[in-house]
Amino acid sequence: MKVLKFGGTSMGSADAIQNVKRIVEICKEPVAVVVSAVGGVTDKLVKASALAQTGKDYSGILNEIELTHQQIINALFDADKAEQVDKQAAATWKELKQVLKGVSLTNELSTKSYDTIVGSGERLSSLILSQLVDKAMLYDSRQFIKTELNGRGHHVKLNETMQAIGELKFSIAQVGVFPGFIASNDKGENTTLGRGGSDYSAALLAAGFDAEILEIWTDVDGFMSADPRVIRRAYCIEHLSYAEAMELSHFGAKVIYPPTIIPVLQKQIPVRVKNTFNPKAKGTLIDNDKEVKQKVKGLSSIRDVSLLTLQGNGMIGISGISMRMFSALAKQDINIVLISQASSESSISVVLASDDVEIARLALIKEFEKEIGRQEINGVSVEKEMAVVAIVGEGMKHTSGVSGKLFNDVGRNGINIYAIAQGASELNISFVIHEHDLRKTLNVVHEAFFLSQYQAIHMYQVGVGTVGKNLLQKIERQSERLLKTDHLSIRLAGLANSSQMIFNDRGLELDSAVDVLKHASPGNIEQFVSQIIANNHSNSVFVDCTASELVAEQYERLLENNISVVTANKIAGSSAYERYSKLKKTARQKGVKYLFETNVGAGLPIINTINGMVQSGDRILQLEAVLSGTLNYIVNNVNADKPLSAVVIEAKEKGYSEPDPRIDLGGTDVLRKLLILARESDYALEEQHVDIEPFVPKEFFTDESVHDFIERLKGYDKVFEEMRSKAQANGRVIRYAASLKEGRAKVGFIEVDASHPFYNLADSNNKVILRSDYYYDHPMEIKGYGAGADVTAAGVFADIIKVVNL
């Protein structure tokens, strides 16, 4: 025999009830069907009872309830059958109206009256289904499920209930339909089973019938790995143990109510959760099998809670504090969601529903009034707008590293944890966060434990020039390979230029994002960064493909908010040393990345190599480098027939130089690169410490246009050619190089002969020669293309991937 329970959404409309009919009628074995009230009806009945108690008009709500049922009956049955169903329902409607009228006249709502009113919905829905399903018979659950008053509520008398259900077992019809939620006491008075009552009714019937399985049919495919409204990639969990299901339900997974599992757990009857609207889905099987293939099975959360803390040194070593605290709360009928206590015994924190926290605070102040007066207890503090997150899984037992991974991933994303609780069973790890961080936390944890084979980066890019466009093209081309081999997904969550910005949480289309941006809303860099912070996504990366000071000024704000920064912009790294140092320190403190490999040598691994040497204990003693691919291209291509001004134009057209080549020709670019390398080599250099010789004399740098500058530059062609040809006559070539030796830095022209490593440095190549304690007699050399949008974009791309792989 099977027991099938259908919830309010499953009974919410005529079409939904037809689905229920089809599911029931395909069962070959006898079935007991338990139903909730039509969706929304119970809440309306509760509201009607409250209005009646205060003498207010409840007729409008009652009319709504009657109309809903009448519409369902008319849609399901022909006229004659509908009339028969109406006649059978008349007694229930009559009793409901009489009780509501009595409450309204006396302004008293007894428990008996309340239970009669709110239990009417199940009596009506079960009648409708019993008349619709073939071979079905309606049974009154009140005859079998017996309760007694215990404290503030009704408790099931298990022995009597199991005996009554057991006696029915051998005479039940092929399809027995039972109203859920309702029961009766020894006097025959109506009672109800409280929250989750229909599930409990079904579990009691399953236990009494010794059913082979209890199926709970709802509007979801089963227990989900997380709330699908928050986590797009949440999936249905195929299997849970009883304990796992109860833990997940307690912490907000509202598929079933925890106490309802107890009767079937005691009888070891499996439970399967299925979707009425997608019956082919496998659903979730709940049984006693504690398989541990997966360490963590589910992720659940509770919002709208508050954290209440009792704290004081006077609590240390004093027995009875906890008992008094919890007794005071119990007297106010306050439910505690989570408890966390410091090992020093100096504080106890509890999580409560926000509606209860002020009552709880006052109760504790009263209970510990003397201790607070003597300053043995500091008082009762309250943190509002909190949330509880729980990970659940039998596989966590005796498995090291779960907590470490959980809190490392949460902390790395800038999420503060206020309290932690874990029982000795190791089945559940719960922690308290601010509700503002809930969405981000759920995404971080779900990705870490349920989609750990994949990682998602939320990328926000500013700058859509040659480097920016090239970067987007590279990501688009490599996205499939990244997903397949590196299990990495890069979502372009935001894109901006100097005056416009667009966002999409699920990711902008990479091939059209730049065009879409042209028609996007106006916005500046401060607004762009503010929105990134407000989005609060996990694994957020800010990518700067500009040369803007305004953009660089936002780095500290981003890092402070746990957003990694990847930049091709040299301004921040070469600004005041204090600013450079603070950005590096902030990134370390926040556990995020500040990466700028492409600041020097485009895609060459220069900074990364220096970092590795310094971190391993090596000391950079000397540095000699050609750091401008643009300037090296120029000195390599100027000759007697092609003057300097012509080669500058050529470099600009090929994208080797900045749009304004004066940035390169002034030596500022090389100066910035040298400062960055010196600082990464542990030298605290400022710009004024560098002796710089401009590539072109200072008098050529005016406020005129780029076109006018190049026209004036023609006047320097002859001088430059003389310098080049003189070096050539002596068997040498000129190079524009940077050097660092004994803490002294210099940028300017040098002449080198064929024995020098820079002599054969062709085209736009860069070269860096590093002499250190480990590499002095045989220095380390790094060489390759150091200019161009393609190699720079490739370097930025590599840094983005490092954000999650380092």
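The values are calculated or read from the model by the stated rules, or taken from the named source; none is laboratory data. Note that this is a predicted model, so its numbers are computed, not measured. Backbone-built Cβ (ideal geometry, glycine too); neighbour counts: all protein chains shown. Ligands, DNA and RNA are stripped out before the accessible areas are found, and what is left, the full protein with its side chains, is counted by its heavy atoms. Shrake-Rupley method; radii C 1.70, N 1.55, O 1.52, S 1.80 Å.
Quick notes on this one:
- Under the condition of being among the β-branched types (Val, Ile, Thr) and more than 25 Å from the chain's Cα centre (by Cα), the residues counted in region 513-550 number 3.
- The residues in region 687-705 that are open to solvent by less than 50 Å² (accessible area, probe 1.4 Å) and either within 48 Å of the chain's Cα centre (by Cα) or within 11 Å of Ala745 (Cα to Cα) (or both) can be counted, and the count is 1.
- Residues that are out of contact with any Pro (no Cβ under 9 Å at 6 or more places or on another chain) and among the β-branched types (Val, Ile, Thr) were ranked within region 641-683; the one that is modelled with the lowest pLDDT is Ile663.
- For Leu559, the stated conditions do not hold, so it cannot be described as at pLDDT 95 or above, more than 26 Å from Ile415 (Cβ to Cβ) and out of contact with any Gly (no Cβ under 7 Å at 6 or more places or on another chain).
- Residues (open to solvent by 40 Å² or more (accessible area, probe 1.4 Å) and in contact (Cβ under 8 Å) with a residue 40 or more places away in the chain) located in region 556-566: Asn561
- Screening region 457-488 for residues that are closer than 17 Å to Ala568 by Cβ and among the charged types (D, E, K, R) and picking the one that is least open to solvent (accessible area, probe 1.4 Å) gives Lys474.
- Members of region 701-718 that are part of a helix (DSSP H, G or I), touching a residue at least 24 places away in the same chain (Cβ under 8 Å) and either touching a Leu at 6+ places or on another chain (Cβ under 6 Å) or more than 18 Å from Lys642 (Cβ to Cβ) (or both): Val706, Phe709, Asp717
- Listed by position, the strands (runs of 3 or more DSSP E) enclosed by region 115-232 that each have at least 2 residues that are open to solvent by 20 Å² or more (accessible area, probe 1.4 Å) and in contact (Cβ under 8 Å) with a residue 60 or more places away in the chain are 213-218.
- Candidates Gly795, Gly743, Gly748, filtered to the one that is closer than 30 Å to Tyr594 by Cα, within 43 Å of the chain's Cα centre (by Cα) and open to solvent by less than 50 Å² (accessible area, probe 1.4 Å): Gly795
- Listed by first and then second residue, the pairs linking a residue in region 267-279 that is over 14 Å from Ala206 (Cα atoms) to a residue that is open to solvent by 10 Å² or more (accessible area, probe 1.4 Å) and of a type in the set (Lys, Arg), with Cβ atoms under 8 Å apart and 6 or more places separating them unless they lie on different chains, are Pro279/Arg22.
- Residues satisfying the stated conditions in region 719-740, i.e. surrounded by 14 or more Cβ atoms within 10 Å (Cβ to Cβ) and within 14 Å of Ser645 (Cβ to Cβ): Phe720, Glu721, Arg724
- The residue pairs whose first member lies in region 317-345 and is farther than 22 Å from Gly423 by Cβ and of a type in the set (Asp, Glu), whose second member is open to solvent by 90 Å² or more (accessible area, probe 1.4 Å) and at pLDDT below 90, and whose beta carbons are closer than 8 Å, counting only pairs six or more residues apart or on different chains, are Asp333/Arg152.
- Flag if Asn569 is closer than 15 Å to Ile800 by Cβ, without any contact (Cβ under 8 Å) to a residue 12 or more places away in the chain and not aromatic (Phe, Trp, Tyr): no
- Residues within region 759-792 that are surrounded by 20 or more Cβ atoms within 10 Å (Cβ to Cβ), out of contact with any Pro (no Cβ under 9 Å at 6 or more places or on another chain) and under 21 Å from Ala727 (Cβ atoms), tallied: 4
- Test: residue in region 602-612 that is more than 29 Å from Asn636 (Cβ to Cβ) and either surrounded by 17 or more Cβ atoms within 10 Å (Cβ to Cβ) or within 34 Å of the chain's Cα centre (by Cα) (or both): yes
- Which listed residue, of Ala513, Ala493, is open to solvent by less than 10 Å² (accessible area, probe 1.4 Å) and in contact with a His (Cβ under 6 Å, 6 or more places away or on another chain): Ala493
- Residue among Phe449, Phe503 that is open to solvent by 60 Å² or more (accessible area, probe 1.4 Å) and of a type in the set (A, V, I, L, M, F, W, C): Phe503
- Val529 being assigned to a strand (DSSP E or B), closer than 30 Å to Leu406 by Cα and open to solvent by less than 30 Å² (accessible area, probe 1.4 Å): no
- Residue check, Glu108 free of Cβ contacts under 8 Å to residues at least 60 places away in the same chain, closer than 25 Å to Ile145 by Cα, among the acidic types (Asp, Glu) and surrounded by fewer than 19 Cβ atoms within 10 Å (Cβ to Cβ): no
- Count of region 32-90 residues which are part of a loop (DSSP other than H, G, I, E, B) and surrounded by fewer than 18 Cβ atoms within 10 Å (Cβ to Cβ): 6
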